[in-house]
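Working notes for the structure below.
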Amino acid sequence: MKLTIDQIERFKGQINLKKINIQGQIKLSNTKVLIIGAGGIGSPVALFLARSGIKYFEIADFDKVSKSNLHRQVLFDEKDINKNKALVTKKKISLIDKKIKVKTFQHCPKDRLQAPVTIWFHGNPAGQHRPAQRQTKGTPGRTPGAGLAVQKAGHYRNPGTHSV
């Protein structure tokens, strides 16, 4: 895959970095991200990854935006109150780049936890979602800590509790 003129112009600040360059930006464009929990941690992760050039997202959250979320969940505003967080996140990150593709879930997509995604992110380290989410491959009976977990060829690697 090659970058378009628009992508080169949009991401030239990153492309000029030695550790990213054109090849790194192409990798970012092809990266697939699964975010579970689009709240206080998941919403800025979605925002920054979308702005970095990632084009494929899967976002899961059963919760709705409430007034008490607005001071810390950066994607949401008063117009979003009582709307599903995953759907609002899809709408807002799609405004960043029309080429962004987002699939949403209003439950924990257990089948996606073993699917070939590049980055798997759990935005709820306390495991406060529904109990069905508490069982993940590699960490029986508990949720992974907040942070990124790299998944290759369907194998989950628990990185501990590194924060983003």
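The residue list Ser43, Ser66 contains one member that is of a type in the set (Ser, Thr, Tyr) and surrounded by fewer than 19 Cβ atoms within 10 Å (Cβ to Cβ), which is Ser66.
So for the stretch 47-59 (the condition being more than 15 Å from the chain's Cα centre (by Cα) and of a type in the set (Asp, Glu)), does at least one residue qualify? No, the stretch 47-59 contains no residue that is more than 15 Å from the chain's Cα centre (by Cα) and of a type in the set (Asp, Glu).
Scanning the stretch 48-80 for residues that are free of Cβ contacts under 8 Å to residues at least 12 places away in the same chain and among the acidic types (Asp, Glu) gives Asp77, Glu78.
Looking only at the stretch 72-86, filter to residues that are outside any helix (DSSP H, G or I) and within 15 Å of the chain's Cα centre (by Cα); which one of those is surrounded by the most Cβ atoms within 10 Å (Cβ to Cβ)? Only one residue fits best here, namely Gln73. Residue pairs whose Cβ atoms lie under 7 Å apart, sitting 6 or more positions apart in sequence or on different chains, and linking a residue in the stretch 81-96 that is without any contact (Cβ under 8 Å) to a residue 60 or more places away in the chain to a partner that is surrounded by fewer than 15 Cβ atoms within 10 Å (Cβ to Cβ) and in a helix (DSSP H, G or I), are Ile81/Lys67; Ile96/Arg51.
The residues in the stretch 51-62 that are surrounded by fewer than 22 Cβ atoms within 10 Å (Cβ to Cβ) and either farther than 19 Å from Leu3 by Cβ or not hydroxyl-bearing (Ser, Thr, Tyr) (or both) can be counted, and the count is 4.
Answer yes if at least one residue in the stretch 87-94 is of a type in the set (Lys, Arg), modelled with pLDDT under 95 and either assigned by TED's automatic domain parsing to the domain that holds His107 or assigned to a loop (DSSP other than H, G, I, E, B) (or both), and no otherwise. Checked the stretch 87-94: no residue is of a type in the set (Lys, Arg), modelled with pLDDT under 95 and either assigned by TED's automatic domain parsing to the domain that holds His107 or assigned to a loop (DSSP other than H, G, I, E, B) (or both).
The values are calculated or read from the model by the stated rules, or taken from the named source; none is laboratory data. Because the structure is a prediction, the values reported are computed rather than measured. Ideal geometry is used to build each Cβ from the backbone, glycine not excepted, and the neighbour counts take in all protein chains shown.
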